[in-house]
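Below: the structure, in C-alpha cells.
The values are calculated or read from the model by the stated rules, or taken from the named source; none is laboratory data. Not measured: the values here are computed from a predicted model. Ideal geometry is used to build each Cβ from the backbone, glycine not excepted, and the neighbour counts take in all protein chains shown.
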Amino acid sequence: MAVMPPPTSSTQKSVLRPFTVGWFTRGQDLKPAPRYKRRMNFAERRKRFLAALDGPVLLMAGGLLSRNYPANTFPYRADSTFLYFFERPEPGSAAFFDPAAGQVTLFLPERTVADALWHGSMEPFDAVKARQQVDAVLAVEQLEAHVATLSRGRKVRSLAVADWKATSRAKAITGEELDFDDATKVGQGALLDVVAKLRLHKAEDELAELRRLVPVTREAHVLAMTHSKPGVSEQFLAGLVEGAFARGGCTAAYGTILSVRGEVLHNHDHRNTLQQGDVVLLDAGAESLDTGYCNDVTRDWPVGGAFSPEGRDLYDLVLQSEVDAIAAVKPGVRYRDLHLRACRVLAEGLVRMGLLVGDPDGLVQSGAHAVFFPHGLGHQLGLDVHDLEAFGDRIHYPGGRTRSTQFGTQYLRMDLDLVPGMVFTIEPGLYFVPAILRNPEFRERFKTQVKWDRAEQFLAMNGGRGFGGIRIEDDVVCTATGVEVLTASIPKARAEIESLAGSA
Ligand code: GLY
Ligand code: MN
Ligand code: MN
C-alpha cells in the first residue's frame, strides 16, 4: 500500500526540529532511548524455577517461521517463558531443567560455515555457557538423544510455544499432548502454576525494564498526536509510531491499533484519511528487542485539536473512570471489583449524558453499561501484552472463580486479588458500535435502560461516520501501599491532548 506523504514539507521538518510542548521536549526525545545494558537476574530466576520443580522440564525457545518461502522469515521472537529465563535466546534453542541435579543445560544450533556466511558468526558454545551461566551447552540438533540421556527414565514435561514446529518436537520428546492454541493443552497444570507464580510477580529488574520503554512508547504517541491533521492518512501516523519504536531499539508489542474507527476494539486497519471531527484512537506499546518486555498504552485525540461538546464529555468521563480505578489499586483489592467500580462510574456519567436511564448500580447489575463499555478493565502485562493469557483462566481466574456469562464482563481477562509486584493495565472505554446499538436483542433487553434515540445521534455524527470510540489505557504496578503508574508521562489530560493534537 502506498504511504501518503505528510501534508506539508514543514510538517516533515518539525519531526526533527527540537521544540517544547509543556514539559515535553521533542529534541530530547529524538535521542536514542536508554539502551538495555544490565543483565537481568536470569540465573536467579532459573534457580527459583529449579527449586519449585519436582521433575525435569524441557523448554523450547521456538525458531524462525516462514512468511512465504522457507528462507524469508518473520522477525524472530522467542517464547516468553524462555525469554524469562535466558538473555537474547537464539532461534531454535531449547533448555533442559533438572531439579534433582540442580542443573540447566542449554541447547543451541551447531555453528556452521554456511550460517556464518549468511547470518554472521555466532559465539562459540563455551562463550555462551559462560555468559548465560548455565551448566552445559549442547547441540540442539541432537536434542532427542541428549534429553533421553539427561532424563534417566524420568518423565519430562514441556510447554507448547507459538512455533508449531518446536511444539511438535517437544510433543514427540515428552509424549505430552501439547497444543499452543488450546489453553487446556499448553502444558501440565502444575507446571503452568509454577511458571505463572514466577512471571506474574514482577521483580525490580523487570519493573526497571518496563519503565525504560516508556519514553519510546511516549514518543510514538506524541508523534502521532502532533501530526494528526485533516488530510493525513492513518497509515502515515502508523509509520511514525513504528519508526519511533524502531529508533528506540524496540518493535511494536502487538499490531498497532490506530484508527478513527476506534469503536472497532482491535482495529489494525490503517486505510482511512483523517477528517475534521474525527477522534483518533491509538493503542500501541513498545516491546524491547533485547528482553521482550512491553508497554500497552491507549490515547485518543480530536483531529483539528478540539473535541466536540459530546467528545469532551465522553473523554472526561472515560478519564474519570480510569483515574478513579487507578486510585483504588492496592494490595488485596479484587480486580473484578475494580472493573465493576469503573463500570459504575461510566454508568453514572452515561445517565448524566442522557444515554442511560436509571440507578447506576442497577444498570451495572443488568449489564446495560456494556452497550457502551463492552470489554474488561484490563489484563496482566509483562513479557506478553496479555501476560500469560496462553495459560488460560486457570491462572487469571484462580480458586474456583469463573468468568461472568454477561455480555461485557465476560471479556474481563483477569479476576485476581492484587498483590505487590503485579503489573496490569487499566483501560476503560466508551464506544458507539453499530452492531451493538442496532441489535434487536439488545434493544429489547435494555428497552427502558438505554436511550436508543440518543445513541443513534452518536452514530449519525461526523457526517454519518459516527463518533467512534474512546479508550484510555495505562500500565500500572501494584505496590506495597498502592499503585505506581508506569506510563504516567504519556499525556492524557484533555487540555494537553487538545493542544498537542495537530500541533506539528
Ligand atoms: N492492546 C490490546 C489491549 O489493550 O488489550
Ligand atoms: Mn491492554
Ligand atoms: Mn492496548
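Overview of values
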item	result
Inter-residue pairs, beta-carbon under 9 Å, first over 23 Å from LEU418 (Cα atoms) and in a loop (DSSP other than H, G, I, E, B) and in the range 481-494, second basic (Lys, Arg) and at pLDDT 95 or above, 6+ apart	SER489/ARG218; ILE490/ARG218; ILE490/ARG299; PRO491/ARG218; PRO491/ARG299; LYS492/ARG299
Candidate set from the range 367-405 (those that are of a type in the set (Asp, Glu) and within 12 Å of ligand 2 (Cβ to nearest atom)); member that is surrounded by the most Cβ atoms within 10 Å (Cβ to Cβ)	ASP387
Any helices (runs of 4 or more DSSP H) falling wholly within the range 85-203 and containing at least 3 residues that are farther than 29 Å from TYR36 by Cα	143-151, 164-174, 189-200
Hey, ASP300 touching a residue at least 40 places away in the same chain (Cβ under 8 Å) and crowded, with 22+ Cβ neighbours inside 10 Å or not	yes
Of residues in the range 265-297 being within 15 Å of ligand 3 (Cβ to nearest atom) and at pLDDT below 95, the one surrounded by the fewest Cβ atoms within 10 Å (Cβ to Cβ)	HIS266
Every pair of residues 6+ apart whose Cβ atoms lie under 9 Å, when the first sits in the range 343-368 and is under 19 Å from VAL433 (Cα atoms) and free of Cβ contacts under 8 Å to residues at least 24 places away in the same chain while the second is surrounded by fewer than 21 Cβ atoms within 10 Å (Cβ to Cβ) and of a type in the set (D, E, K, R)	ALA347/ASP359; ALA347/ASP361; VAL351/ASP359
Residue in the range 455-472 that is closer than 28 Å to ILE395 by Cβ and crowded, with 20+ Cβ neighbours inside 10 Å present	yes
Any pair with Cβ under 8 angstrom, 6 or more apart, that starts in the range 379-396 at a residue that is closer than 11 Å to LEU200 by Cβ and ends at one that is in a helix (DSSP H, G or I) and within 14 Å of ligand 1 (Cβ to nearest atom)	GLN380/GLU389; GLN380/HIS396; LEU388/HIS396; HIS396/GLU389
For LEU340: the one exception among (1) within 16 Å of ligand 1 (Cβ to nearest atom); (2) in a helix (DSSP H, G or I); (3) of a type in the set (A, V, I, L, M)	(1)
Residue in the range 457-473 that is touching a Leu at 6+ places or on another chain (Cβ under 9 Å), over 29 Å from VAL279 (Cα atoms), of a type in the set (Val, Ile, Thr) and modelled with pLDDT of 95 or more present	no
